[in-house]
Amino acid sequence: MARDNKAAQVYGSLRDEILDGTLRPGESLSVLKIAERFGASRTPVRDAFVRLESEGLISLVDRQGARVSSVSVRSVRDLFEMRTLLEAKATRQVAALARDDDRVRRAFDELHGQFSAIMRDGSANRDRFYELTEAYDQAVITYAANEYLSRTIAELRPHSARLRIIAHSPERLAESLDEHLALCRAIVDADPDTAAAACTEHLLNTERTILDAVMKSAGLAVHVDLVAT
C-alpha cells in the first residue's frame, strides 16, 4: 500500500509538471534523482515511469531512466487530425442530444454565460479561461453518445494540455474565447452541423497557432525543445 501511494504521488507530480511545461519535452528524468527528491525507493519511481510511458508522456531509456516525450511538427499534426475527427463527431452528437435533453442545454447555456462573463470583464484571465475550457471539454465527453468516443477523447487530453505553453497568447486567448462562445451557442441551439463546423474551425485555428509558434521558436512563452519531424 505504501509503495502504491508513493508511486501515485510521484506519478501525479511528474504528470502535472509535464503538462504545465515545468518538465520540458526531451528533458531527462533520472530514477535516482527522482527517488531522492520524493524520498522514495527506486521501485515506486519506476512504477510511476511505466504509467507515464503508457500515456505517451515519457519515453523509457535503458539504464538511464526516462525522457519527457518530445513535441514535433508531426506529432502536433497527428494529434489534431485525430482530435478533429473525434471531437467534431462528439460535438455533433451532443448538439443532437440537446434537442430533447434539457440537462445538455442548461449545461452549455451556463458555460456560454461564464465565457461571456470573461469577455465582459475585458481582461485576459488565462487561468479562469482554462478552467472553463476544461469544463466545456468534460461536458462534451460526458454527453457524447458513444462511450468509446468519449474515452478516446479523454485519453488525448494530456497531450493537448502540454501544448498550451506553445499556443498561449492574449490574442489567441481572445480568439479561442469567441470560438467557445460559438460552440456553446450551437449546442444550446441544438444545431449539429453548426456545432461540428465550429469545433473543426476551433481545432484548425489552434493547430495553426501551435505550428506557427514551432516555426518561430523564439516567440514561445516558455523555452521548449522541439523536434522538427
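Can you figure out the FRET efficiency of Asn146 with Glu36, using R₀ = 35 Å and their beta-carbon distance, to the nearest 0.05?
Values: r = 45 Å, r/R0 = 1.29.
The computed FRET efficiency comes out at 0.20.
Which residue, chosen from Tyr143, Ala190, Tyr130, occupies the Cα position most advanced towards the positive end of the dipole of the chain, where the dipole is computed from +1 (Lys, Arg) and -1 (Asp, Glu) charges on Cβ about the Cα centre?
Tyr130
Could you give the size of the charge dipole of segment 1-128 about its Cα centre, using +1 on the Cβ of each K and R and -1 on the Cβ of each D and E, expressed in debye and rounded to the nearest 20?
Details: 23 positive and 20 negative charges, 50 e Å.
Charge dipole of segment 1-128: 240 debye, to the nearest 20.
When DSSP assigns beta bridges and you keep just the ones with both residues in the chain, what percent turn out antiparallel, to the nearest 5? Walk me through the intermediate numbers first.
Numbers: 6 of 8 bridges.
Percent antiparallel among DSSP bridges in the chain is about 75.
Roughly how many nanometres apart are two label points built 7 Å out from the Cα toward the Cβ at Met215 and Arg77?
So the label points at Met215 and Arg77 sit 1.2 nm apart.
Values quoted throughout were computed directly from the atomic coordinates according to the rules given, and no laboratory measurement underlies them. Computed from a predicted model, the values in this text were never measured in an experiment. Cβ coordinates were reconstructed from backbone atoms using ideal geometry, including for glycine residues, and neighbour counts include every protein chain displayed.
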